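Heads up: the structure comes next, in structure tokens.
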Amino acid sequence: MSEKSRKRLTIGGLIFAIVCLILLSLKNQVYYPEMQARDAVKSAKAKKNFTYFEGSKKPLVIFYPGALVEPESYGVWAKKVSENGYPVAIAHFPLDYALLSVDRADQIDKTGGYVIGGHSLGGVCAARYAAERKHQKNLKGVFLMASYADEKGDLSKTGIPVLQITASRDGVIKKERLKENNRFLPGNAVKEVIQGGNHSGFGAYTTQKGDNKAKISTQQQQEKVAEIMIRWLGSLNKK
């Protein structure tokens, strides 16, 4: 074997080792669903790259999970929304990281009308998806949970209805960034604050690093999330 070939093998081996270490590190940081969330998704169906809760009403609710949070973690509020008639499709991403496949919503039928949103980084990615004109056919609204739109997901001039839900005890989202990025939302965006809730409480999973302790239970926050979503979805159907 030539010296050049040996160098290539060595470099290739090092790159492979680094990638494996990164993947292992990310896997160790994943937030797993609590039992109540695992129980909730038992009523859902598995579709390619989605956990799907059936419903007969419109629009379809497409949801992008937060970074490193397993999709099943959002099963509690998703099930409650579907029980009120709205189908919910929770997207799955490589390494549980929405940035790796922002166009995931392309893989599900949206012809009957849809809203798209997400939690934390998932919400940022959902806003980016919605901001692209090619995705706005049949788009009825965007919702952000402990999240915001950024410059790539500027919704301020689209005329798309937007719902932003935050929590008073959130210790993860940067308040300054949240306030600063309000300029990327339409002036009539609906904003709701869950008093006593925290960042992790938008799902039912192991407490997220850096988050504050909630003053309400996870179940209470899940019920509040579902209540706000159902009310907002109903308002869209009246327009």
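Read the figures in this text as sums done on the coordinates, not as results from a lab. Bear in mind that the values here come from a model prediction, so they are computed numbers and not experimental data. Quick reminder, even Gly has a Cβ in these numbers, built from the backbone with ideal geometry, and neighbours come from all protein chains shown.
Taking a ≥ b ≥ c as the square roots of the Cα gyration tensor eigenvalues, with a/c under 1.5 meaning rounded and otherwise prolate when a/b beats b/c, else oblate, which class fits segment 89-228?
prolate
Taking the highest mean first, how do the peptides 131-144, 216-229, 56-69 order by number of other beta carbon atoms within 10 angstrom per residue?
Top of the packing list down: 56-69, 216-229, 131-144.
Cut-off is 10 Å between beta-carbons; in what order do Ser147, Ser200, Ser101, Ser82 appear when sorted fewest neighbours first?
Fewest-to-most ranking of Ser147, Ser200, Ser101, Ser82: Ser101, Ser82, Ser147, Ser200.
Do the sum for the chain: with -39,500 (n - 2.57) for every DSSP H run of n ≥ 4, divided by all residues, what is the mean residue ellipticity at 222 nm, to the nearest 500 deg cm²/dmol?
My calculation for the chain gives -10500 deg cm²/dmol from helical runs alone.
Per-residue HN-Hα couplings for segment 160-176, Karplus 6.51 cos²θ - 1.76 cosθ + 1.60 at θ = phi - 60°, whole Hz, x for Gly and Pro?
The phi angles translate into 7, x, 10, 10, 10, 10, 10, 10, 5, 9, 5, x, 9, 5, 7, 4, 5 Hz.
In this model, which of Lys48/Lys137; Lys58/Lys213; Lys137/Lys191 are farther than 26 Å apart at the alpha-carbon?
In this structure, Lys58/Lys213 exceed 26 Å between Cα atoms.
Of all DSSP beta bridges located in the chain, what percent are antiparallel, nearest 5?
Beta bridges within the chain, antiparallel portion: roughly 25 percent.
With a cut-off of 8 Å between alpha carbons and a minimum separation of six or more residues, what is the relative contact order of the chain in percent?
With pairs under 8 Å counted, the relative contact order is 17 percent.
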